[in-house]
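These notes concern the structure reproduced below.
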Amino acid sequence: MESLQAEVAPFGIATTIVNPGFFRTELLTQESTTYATASIHDYAERTAAQQEWWTAQNGKQSGDPAKLAQALIKIVNDDNPPRRFIAGADSIATAENKIAELQAEIEAYRGLSTSLTLDHLA
């Protein structure tokens, strides 16, 4: 989507990536969720625990899908919509953690990264 943004912007088309948190929809209901039957034995215990966790989250999502819909309508009508919309408090926390991880990795490898310039350009 980030690549598409640059391609369609000259035509007056805006795009927004939506990173939603957990919204109380039917996504996690038994009728809506299908898990693959094929499994790798080494992952079986972890897969079972993950599926149990997902099942337990059903009905506990903090996000209101009607409010998300209203927020998306507002964004669509904005003159300058965001390139990315982090939707929900839980999603903001996830994004902030990712930003902190990336910043730490940048700082840890800044010297190595900046040493990669061609010598005649340095």
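A few notes on this one:
- Computed from Cα atoms, the angle from the helix 89-114 axis to the main principal axis of the chain rounds to 30 degrees.
- A full extension of the chain between Gln50 and Tyr109 corresponds to an added length of 17.9 nm, given 0.36 nm per residue minus the alpha carbon distance.
- The range 83-108-the range 1-30 distance, computed between alpha-carbon centres (Å): 17
- Between Ala66 and Thr33, residue separation times 0.36 nm minus the direct Cα-Cα distance comes to 9.8 nm.
- Calculated FRET efficiency for the pair Arg84/Glu7, C-beta based, R₀ 22 Å, to 0.05: 0.85
- Loop-located trypsin sites (Lys or Arg not before Pro) across the range 27-122 with a Cβ neighbour count of 16 or fewer within 10 Å are Lys60, Arg83, with loop assigned by DSSP.
- Restricting the GluC sites (Glu not before Pro) of the range 1-99 to loop positions (DSSP other than H, G, I, E, B) with no more than 10 neighbouring Cβ atoms within 10 Å leaves Glu31.
- For Ile17, residues with placed amide H under 5 Å, excluding near neighbours: Arg84, Phe85
- In the context of the full set of protein chains, the range 64-122 has a per residue accessible area of 84 Å² (1.4 Å probe).
- Note on the chain: GNM, Cα springs under 10 Å; of Phe22, Phe11, Phe85, the largest mean-square fluctuation is that of Phe11.
- Computed helical MRE - 222 nm, the chain, DSSP H runs ≥ 4 contributing -39500 (n - 2.57), nearest 500: -16000 deg cm²/dmol
- Given their separation in residues at 0.36 nm each and the Cα-Cα distance between them, Ala100 and Gln57 gain 12.9 nm when the chain is fully extended.
- Two-site label geometry, Ile73 and Ile40: point separation in nm, points 7 Å out along Cα→Cβ: 4.5
- The heavy atoms of Asp119 present about 140 square angstrom of accessible area, all protein chains included, probe 1.4 Å.
- Heavy-atom accessible surface of the chain: percent carbon and sulfur, 1.4 Å: 57
The values are calculated or read from the model by the stated rules, or taken from the named source; none is laboratory data. Nothing here was measured: the structure is a model prediction, and the numbers come from that model. Please note: Cβ atoms are built from the backbone with ideal geometry, for glycine as well, and neighbour counts cover all protein chains shown. Accessible surface is based on the protein model in full, side chains and every heavy atom, while ligands, DNA and RNA are left aside. Shrake-Rupley method; radii C 1.70, N 1.55, O 1.52, S 1.80 Å.
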